[in-house]
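Working notes, beginning with the structure itself.
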Amino acid sequence: MKLLSFGEIIWDVYSENKQTLGGAPLNFAAYAAMLGSTAWLVSSVGADELGKKALEQIKELGLKTEYISIADGKATGQCRITLDQNGVPSYNILKDVAYDCILLPNKLPVAFDTIAFGTLALREEHNRQKLKSILASNVFSEIYTDLNIRSPFYSKESIVFCLSNATIVKISDEELPLITQTLFHSILDLQEAVAFIAEKYPQIKLLLITCGEKGSFCYDRLSGQTHYCPAEPVPVVSTVGAGDSFGASFLTLYNKTKDIPYALRLSAKISAFVVSHKGAIPSTAKEFINKLLSDEKKQGLANYEKIKNI
């Protein structure tokens with residue numbers, strides 16, 4: 001899969017002044033690449049030390065950087081993060097930074113299979129217009145959005161834009177009340193919310209709802225089926241990057257297999273690994289994913305032999 005991931009590059013700065021490279025589109029692209037996709041990150045960094053370090057680390061993650069521009073006079077994005085006793089983060093996202101000024105030709109020289117984006121990078125008009133032009137000038141097999149709402153950097157316009165264009169949508173259960181209140185002027189339960197969103201935006205093929213320790217759901221519009229996957233029980237250290245790893249894993253595995261239960265199950269394992277570590281992309285993530293895929297292949301062959309011998 002050739003993936004174009006559009007949006008923010010942010011340094012996550014924790015209370016102890018530890019800095020880790022992040023941003024949902026970056027995390028998303030990194031996990032997609034670990035699972036075999038070729039991923040380009042579309043963003044912008046400042047002409048500063050953090051921008052230089054970001055480009056170096058992004059290349060080390062195996063991501064393509066041709067579409068990352070340098071924004072003169074703008075600082076590289078930062079997000080000050082504090083974690084509560086349960087590892088749940090709160091965010092202080094800096095304004096007027098480099099990723100608010102993404103530059104990219106409207107007609108892309110490479111044919112991409114999928115484009116992914118969320119609401120944070122659409123907080124400024126410049127990026128909203130740029131993304132509209134890209135979608136209008138290119139053809140994508142899938143358009144993926146994780147709304148990834150970060151208050152106060154969202155609007156009804158950005159939510160509607162994402163939902164109106166996407167074919168695969170991911171929303172967390174924590175975001176659902178805000179989204180349904182914004183769109184339908186009512187707080188709906190999960191089942192009602194899925195039905196209303198699917199009816200209002202008929203181009204959506206798959207609607208993913210992540211519910212933390214309660215697991216995840218995928219509504220398949222074409223079949224009308226809803227698939228459920230329980231969460232993997234692990235001690236939670238930090239939930240930073242959990243949704244990005246889940247979404248990228250699901251999208252990549254579904255693209256390869258068209259098997260929703262399989263994609264949900266492995267995505268749950270990968271996101272569980274992430275929440276049991278600090279940082280959105282733990283240093284052993286690639287090793288974990290390689291072993292997981294290897295074990296799945298061995299188990300698949302073993303199951304095949306059992307069936308063959310019945």
*Restricting the search to the stretch 66-88, which residues are of a type outside the set (G, A, S) and buried (at least 16 other Cβ atoms within 10 Å of the Cβ)?*
Y67, I68, I70, K74, T76, Q78, C79, I81, L83
*asked:* among the aliphatic types (A, V, I, L, M) and at pLDDT below 95: is that true of L135 in this structure?
replied: no
*asked:* Return the pair list, or none, for Cβ contacts closer than 7 Å from residues in the stretch 18-40 that are within 15 Å of Q57 (Cα to Cα) to residues that are among the basic types (K, R) and surrounded by fewer than 24 Cβ atoms within 10 Å (Cβ to Cβ), at least 6 apart or on different chains.
replied: M34/K286; A39/K64; W40/K64
*Do we have V88 as modelled with pLDDT under 95, among the hydrophobic types (A, V, I, L, M, F, W, C) and out of contact with any helix residue (DSSP H, G or I) (no Cβ under 6 Å at 6 or more places or on another chain) here?*
yes
*Within the stretch 49-56, can one find any residue that is modelled with pLDDT of 90 or more, within 27 Å of G212 (Cα to Cα) and crowded, with 21+ Cβ neighbours inside 10 Å?*
no
*asked:* Please verify whether F288 is part of a helix (DSSP H, G or I), out of contact with any strand residue (DSSP E or B) (no Cβ under 6 Å at 6 or more places or on another chain), crowded, with 16+ Cβ neighbours inside 10 Å and in contact (Cβ under 8 Å) with a residue 24 or more places away in the chain, treating the condition exactly as stated.
replied: no
*Top-ranked residue in the stretch 20-40 [being touching a helix residue (DSSP H, G or I) at 6+ places or on another chain (Cβ under 8 Å) and within 19 Å of L94 (Cβ to Cβ); ranked as surrounded by the fewest Cβ atoms within 10 Å (Cβ to Cβ)]*: L21
*Which ones in the stretch 1-23 are at pLDDT 95 or above, in contact with a Leu (Cβ under 7 Å, 6 or more places away or on another chain) and either assigned to a strand (DSSP E or B) or of a type in the set (A, V, I, L, M) (or both)?*
S5, F6, I9
*Tell me which residues, restricted to the stretch 196-220, are closer than 27 Å to E232 by Cα, hydrophobic (A, V, I, L, M, F, W, C) and surrounded by fewer than 19 Cβ atoms within 10 Å (Cβ to Cβ).*
C211
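Taking only the stretch 234-283 into account, find how many residues are of a type in the set (S, T, N, Q), within 22 Å of L83 (Cα to Cα) and crowded, with 24+ Cβ neighbours inside 10 Å.
2
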*The lone exception for N148 - which of (1) within 15 Å of the chain's Cα centre (by Cα); (2) over 30 Å from S69 (Cα atoms); (3) not basic (K, R) it fails*: (2)
*Check whether at least one residue in the stretch 233-249 is of a type in the set (S, T, Y), under 28 Å from P177 (Cβ atoms) and touching a Lys or Arg at 6+ places or on another chain (Cβ under 7 Å), and report yes or no.*
yes
*Filter the stretch 130-159 for residues that are among the aliphatic types (A, V, I, L, M) and within 17 Å of I209 (Cα to Cα); which is surrounded by the most Cβ atoms within 10 Å (Cβ to Cβ)?*
L147
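The values are calculated or read from the model by the stated rules, or taken from the named source; none is laboratory data. Since this is a predicted model, take the numbers as computed values, not measurements. FYI the Cβ positions are ideal-geometry reconstructions off the backbone, even for glycines, and counts take in every protein chain you see.
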